[in-house]
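Structure first, commentary second.
Nothing in this text is a laboratory measurement; each read-out follows from the coordinates by a stated rule. The structure displayed is predicted, hence computed values, not measured ones. Don't worry about glycine lacking a Cβ; one is built from the backbone with ideal geometry, like all the others, and counts go over all protein chains shown.
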Amino acid sequence: ADASFKFIDVNASGCSMFGFTRSEFLQLCFFDVLFKEDLEFNPVKIEELQAGKTIHNERRIKRKDGTEMHVELNSKMLEDGRVIIFGRDISERKESEQLIKESEAKYRSFFESSMDGILLTVTDGEILSANPAACEIFKMTEAEICRAGRFGIVDATDQRLKILITERQRTGKAKGEITLLRKDRSPFEAELTSAVFTDAIGQARTSMIIRD
């Protein structure tokens, strides 16, 4: 683009991304493909460009048909006043991020509101988190449950523990009854369902659902 941000050249990928022919594209300026409402919170940093800085940014861009596209932009003003803009379509990535956020929100809602105790653990017995129902069952705070770990809440003398762990190692899941311990070390019988899964960064985790 020139110093007034009117487009003076575009490559084939740019035309394909925006849906314009080259001649149509060169009739436009940068502001023609932006959503005006976005400029209030994400203005074009003209002064920083004029100071020679490279601007990294994510924006919604308007295609020829008016639909939006999320792009990652890297812009720099050259010594002669022209501005070179590299754009990468990240729409799929943004959609994936949104799906992940929605999934996490649904999981958090289920985790917090479940009437059954739920623990997120590591296969070696470390406890990562506990929901409010689990805290009520064990009469402990979440921090106390996490510090206690497996052998702080399970009666280690219960022979059924080894059977459940072996079954989970063999099949990836296990269900049965076991003796658990409250904060005051009083025992109680519980139904436990446990399953191994892989989290978003590839680490093995276990979910445990507990019912007194």
Open item on the list: Around Cys15, under 9 Å between beta carbons, what's the net of Lys plus Arg minus Asp minus Glu among the other residues?
Closed with: 0
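Count the net charge of all other residues whose Cβ sits under 13 Å from the Cβ of Arg88, scoring Lys and Arg as +1 and Asp and Glu as -1.
My count for the surroundings of Arg88 gives -1.
When the chain is fully extended, how far beyond the present Cα-Cα distance does Glu40 get from Tyr107, taking 0.36 nm per residue of separation?
Values: separation 67, 0.36 × 67 = 24.12 nm, distance 3.38 nm.
In short, 20.7 nm is gained.
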Open item on the list: Straight-line reach from Lys175: which aspartates and glutamates fall under 17 Å, measuring Cα to Cα and dropping same-chain residues less than 8 apart?
Closed with: Asp116, Asp155, Asp158, Glu167, Glu189, Glu191, Asp212
TODO: Return, for the Cα atoms of the chain, the radius of gyration and Dmax in Å, separated by a comma.
DONE: 27.9, 79
TODO: Work through the residues other than Ser194 whose Cβ is under 15 Å from its Cβ and net out their charges, Lys, Arg +1 and Asp, Glu -1.
DONE: +2
Open item on the list: Can you give me the angle between helix 91-113 and the longest principal axis of the chain, using Cα atoms only, in degrees from 0 to 90, rounded to the nearest 10?
Closed with: 30 degrees
- [ ] Excluding residues on the same chain fewer than 8 positions from Lys162, give the aspartates and glutamates whose Cα lies under 14 Å from its Cα.
- [x] Asp124, Glu177
Open item on the list: Restricting everything to alpha-carbon atoms, can you work out Rg to Rh for segment 98-190 with a Kirkwood hydrodynamic radius?
Closed with: 1.00
Open item on the list: Can you list residues from other chains, or at least 5 along the same chain, whose modelled amide H is less than 5 Å from the amide H of Leu34?
Closed with: Lys62
Task: On Cα atoms only, tilt of 160-171 relative to the major axis of the chain in degrees - done: 40 degrees
Task: Max mean-square fluctuation residue, GNM over the chain, Cα-Cα springs under 10 Å, options Leu180, Leu119, Leu34 - done: Leu34
TODO: Under a cut-off of 15 Å between alpha-carbon atoms, report the aspartates and glutamates in cross-link reach of Lys53, not counting same-chain residues fewer than 8 places apart.
DONE: Glu79, Asp80
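Just the number: Rg to Rh for segment 1-105, Cα atoms, Kirkwood Rh, two decimals. All intermediate terms of the calculation are to be shown ahead of the outcome.
Details: Rg = 14.7 Å, Rh = 14.7 Å.
Ratio value, two decimals: 1.00.
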Task: Rg/Rg_globular for segment 70-134, with Rg_globular taken as 2.2 N^0.38 Å and Rg from C-alpha atoms - done: 2.04
- [ ] Averaging sequence separations of C-alpha pairs under 8 Å and six or more residues apart, then dividing by the length of the chain, give the relative contact order as a whole percent.
- [x] 12 percent
Open item on the list: Given the DSSP H assignment, sum -39500 (n - 2.57) over each helix run of at least 4 residues in the chain and divide by its residue total; what's the result at 222 nm in deg cm²/dmol, nearest 500?
Closed with: -9000 deg cm²/dmol
Open item on the list: Just to verify a number: FRET efficiency for Leu26 and Leu99, C-beta to C-beta distance, R0 = 30 Å, to 0.05?
Closed with: 0.25
